[in-house]
Amino acid sequence: MTQRGVRRAILIGGGIAGPVLGMFLRRIGVEATIFEAREAPAENEGAFLGIAPNGMNVLADLGVAEAVAARGAPFVGMRFENARGRRIGEIDQREAARRFGAGLVMIRRGALHAALAEEAVRRGVGIRYGTRLTDVDRSDPREVVARFREGGEARGDVLIGCDGFRSRTRVCAVPDAPAPGYTGLLDFGGFARCPGAPVEPGWSAMVFGRRAFFGAFAAPDGEIWWFHNGAEPGPGEPGRGAAAGRGAAAGRGAAAGRGAAAGSVRERILALHEGDSAWIADVVRATPEVLGPWPLHDILTMPRWHVGRVCLIGDAAHATTPHAGQGASLAMEDGMLLARCLRDEADPEQAFAAFERLRRPRVEAIVRAARRTGDRKAVAGPVAEWLRDRMLPLFLRLGAAAQERAYAYRIDWEARAA
């Protein structure tokens, strides 16, 4: 079905939300062009992430789930430990495909970006790399104009900001929107060969350490994919320099410094896990390059996601921390639902209003849940650690129930936007 109200769409950002939205827009006959600030596909960017069953179901609807899964690894489940190595809970995902229609897939971020971009181009979505948005002109009520640092402009019936939590679209079009909030945690990660690590292929080990949180996933070939969440270093502590600039676009996907700086970051992570399970230090030491830091931000709520012919989706509208494992999947859901709303509403502003009304309750609940989970990852002393460890079984049961609700969510493409 061709949407007569919208014929040309400008999409800012080519990570996850942009290509998924672009493919759904092509399905309804809308010309879609992605403008991406990076100079080329960032196949080596970032560490890794999980695409939850609800996200894989969106990709299945597009017919790209197999192409994405082929670049990732199937996920079996999570086992949780406290700092002393005692198992305190488990979430088994071996029946996820039967229960939710798809299983969870772990994938390197760069591989996901590449797979989505390739599929989008194959389906007729244009991608222009090396184009950095500087201004959004909404002066003509019949169209919107994007202007770029490199010169030139693009005109469309709508402009969709898919450009992440540091969204330039949000700054230009919704200047009164609140800035993303820094949660106080830094994220690091890496890839290591560590045969002695007690993590079975397909499983993740999640360790609530004394001073920081550590997660490790064992890929089918035995490689360990890991991440560390910890508080920012204090004055004079190792790694302070690498953590600086938490509000800037620093270091996404890059190694954590070079030489002494990289060594100080590694030593800081090791110090935070001193006294935790010994295999954590083995994995960190076996890692050729520690990636990060990625300061963790979120947007708990925003007064509005759209203005005129401009709309925000994904992290640009409702940034979430990775603690709920839903960031990528929510972005995919956004792309599918927004395209459906544009299909069913001839007026873009009405389509955007319907999209926001339908999405806001779900995504803001997940963002809040992710913030609560993150707050439990770092503790302020032995008393807080003792209380947390005794409450963790309850937290895990509640978290597992919320996770199942998130996984079971499905968007019906055939239904009309209400």
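Overview of values
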| quantity | calculated |
| --- | --- |
| Cross-chain or 6+ apart pairs with Cβ under 8 Å, the range 187-214 first and closer than 16 Å to R266 by Cα, then of a type in the set (K, R) | A212/K377; F213/K377 |
| The range 278-295: number of residues that are touching a helix residue (DSSP H, G or I) at 6+ places or on another chain (Cβ under 7 Å), surrounded by 21 or more Cβ atoms within 10 Å (Cβ to Cβ) and of a type in the set (A, V, I, L, M, F, W, C) | 2 |
| Enumeration of residues in the range 122-171 that are within 28 Å of T321 (Cα to Cα), buried (at least 17 other Cβ atoms within 10 Å of the Cβ) and among the aromatic types (F, W, Y) | F165 |
| Any hit, the range 10-17, residues being assigned by TED's automatic domain parsing to the domain that holds G164 and over 26 Å from R138 (Cα atoms) | no |
| Count - residues of the range 402-418 that are modelled with pLDDT of 75 or more and either over 16 Å from V367 (Cα atoms) or polar (S, T, N, Q) (or both) | 10 |
| Residues within the range 172-186 that are surrounded by fewer than 16 Cβ atoms within 10 Å (Cβ to Cβ) and either aliphatic (A, V, I, L, M) or in contact (Cβ under 8 Å) with a residue 60 or more places away in the chain (or both), tallied | 6 |
| Residue among F35, F24 that is assigned to a helix (DSSP H, G or I), crowded, with 16+ Cβ neighbours inside 10 Å and either aromatic (F, W, Y) or modelled with pLDDT under 95 (or both) | F24 |
| Qualifying residue in the range 80-89 (condition: assigned to a helix (DSSP H, G or I) and either in contact with a strand residue (DSSP E or B) (Cβ under 7 Å, 6 or more places away or on another chain) or modelled with pLDDT of 95 or more (or both)) | no |
| Tally, over the range 299-308, of residues that are touching a Pro at 6+ places or on another chain (Cβ under 9 Å) and crowded, with 24+ Cβ neighbours inside 10 Å | 0 |
| Residue in the range 207-223 that is nearest to the chain's Cα centre (by Cα), counting only those that are buried (at least 21 other Cβ atoms within 10 Å of the Cβ) and either of a type in the set (S, T, N, Q) or over 13 Å from H273 (Cβ atoms) (or both) | F217 |
| Boolean, L133 is more than 13 Å from V310 (Cα to Cα) and touching a residue at least 60 places away in the same chain (Cβ under 8 Å) | yes |
| Of all residues making up the range 196-212, the number that are part of a loop (DSSP other than H, G, I, E, B), small (G, A, S) and closer than 16 Å to P382 by Cα | 1 |
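Residue-wise test of (1) outside the structural domain of P393 (by TED's automatic domain parsing); (2) over 17 Å from the mean Cα position of the chain (by Cα).
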residue	(1), (2)
G63	no, yes
A67	no, yes
A70	no, yes
R84	yes, yes
R87	yes, yes
G101	yes, yes
A117	no, no
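The values are calculated or read from the model by the stated rules, or taken from the named source; none is laboratory data. Computed from a predicted structure; not experimentally measured. A quick note on method: Cβ atoms are made from the backbone with ideal geometry, for glycine too, and the neighbour counts reach across all protein chains shown.
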